[in-house]
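Here is the structure we will look at.
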Amino acid sequence: MKNFADLTEREVLAVAISSEEEDSRIYMSFAEDLKERYPDSARIFEEMAEEERGHRHRLLEMYEQRFGPHLPPIRREDVKGFLRRRPIWLTKNLPLDTIRKEVETMEQQAERFYAKASERAEDVGVRRLLGDLAEEERGHENLATRLTGEILKPDVREAEDKTRRRMFVLQYVQPGLAGLMDGSVSTLAPLFAAAFATHHNWQTFVVGLAASIGAGISMAFAEALSDDGSLTGRGSPWIRGTMTGIMTALGGLGHTLPYLVPDAWPNAFWIATGIAGVVVFFELWAIAFIRAHYMDTPFLQAVFQVVLGGVIVLGVGILIGAS
């Protein structure tokens with residue numbers, strides 16, 4: 001990789017041309033990805049892509065005047081100090097706010113590049129063009145603000161807020177809730193069966209730990225492999241799988257950790273079991289609350305479904321362990 005200070009004027013222009021072309025494609029990719037979910041915001045990124053194409057055209061004209069039609073094969077990835085752009089295939093189904101932050105970073109980096117490049121340019125015309133582009137990149141944030149004000153009217157903003165909430169539920173809440181429910185409920189039977197079969201805290205903890213981690217790994221792979229998000233818009237399968245796996249493990253560990261109470265304590269088993277029972281109670285009510293708040297399930301119905309199911313599984317575990 002080359003240091004920025006070692007670039008020739010020809011290489012600076014070549015890097016700028018390839019960068020503007022790539023940024024234009026990235027903005028159009030954002031626009032295409034957002035078109036169905038946020039059609040009005042997609043128009044903003046189409047406008048910004050058009051701006052980048054205009055910059056490339058002006059840079060290419062200057063380059064051809066100074067150095068002819070042949071561009072050297074150098075890109076910003078070949079220059080030290082540039083932040084790498086996120087690959088296009090990783091920008092699918094990103095939240096709108098994440099895309100806007102990504103764009104803000106892109107514009108800030110482009111502005112710094114042009115500002116430094118203009119300071120080093122020897123040709124007056126090149127220096128003027130690079131300085132103008134630095135100012136324009138600095139003003140792109142104002143362009144985005146202006147376009148947002150023109151395109152995103154209050155009713156459009158309200159519609160996009162609803163869509164954003166729906167996408168948040170699909171991509172984060174739903175996988176996390178599925179994992180939490182599975183971890184909290186499915187591990188109850190093996191944990192309490194082991195507890196009442198052994199009356200030994202450490203052995204019970206080991207069983208609960210294995211059940212929680214095993215369930216977390218299983219649920220993570222099941223969620224990640226079930227849907228790539230391309231049609232359903234549920235986001236990256238790896239993010240969903242990770243979220244599901246972590247919440248599954250946490251759901252099981254919540255009522256497993258109380259069995260770390262040392263067996264040497266008086267009534268250690270009943271102390272740990274009592275604490276675990278309290279944890280289970282709060283876990284089930286938390287699940288019912290999340291279902292009611294995010295999944296539009298009536299609260300009493302959610303309580304009945306989750307708490308009743310949990311109590312049944314808990315009872316089965318205790319009966320099997322005590323038999």
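Yes or no: region 225-234 includes at least one residue that is within 30 Å of residue 36 (Cα to Cα), touching a helix residue (DSSP H, G or I) at 6+ places or on another chain (Cβ under 9 Å), open to solvent by less than 30 Å² (accessible area, probe 1.4 Å) and without any contact (Cβ under 8 Å) to a residue 40 or more places away in the chain.
yes
Given the conditions (1) farther than 18 Å from residue 197 by Cβ; (2) open to solvent by 40 Å² or more (accessible area, probe 1.4 Å), which single one is not true for residue 307?
(2)
Do we have residue 286 as of a type in the set (Gly, Ala, Ser), part of a loop (DSSP other than H, G, I, E, B) and modelled with pLDDT of 85 or more here?
Judged against the criteria, residue 286 is not a match.
Mind counting the residues in region 11-39 that are in a helix (DSSP H, G or I), over 12 Å from residue 75 (Cα atoms) and open to solvent by 40 Å² or more (accessible area, probe 1.4 Å)?
4
Looking only at region 118-140, how many residues end up being open to solvent by 10 Å² or more (accessible area, probe 1.4 Å), over 17 Å from residue 48 (Cβ atoms) and out of contact with any Leu (no Cβ under 6 Å at 6 or more places or on another chain)?
11
Show the residue pairs that are 6+ apart or on different chains and have beta-carbon atoms under 8 Å apart, the first residue being within region 3-18 and closer than 16 Å to residue 134 by Cα, the second being small (Gly, Ala, Ser) and part of a helix (DSSP H, G or I).
Sorted first by the residue in region 3-18, then by its partner, the pairs are 12/117; 16/117.
The values are calculated or read from the model by the stated rules, or taken from the named source; none is laboratory data. Predicted, not measured: the structure shown is a model, and the values here were computed from it. FYI the Cβ positions are ideal-geometry reconstructions off the backbone, even for glycines, and counts take in every protein chain you see. When the accessible area is computed, the model is the full protein with side chains, heavy atoms only, and any ligands, DNA or RNA have been set aside. Shrake-Rupley method; radii C 1.70, N 1.55, O 1.52, S 1.80 Å.
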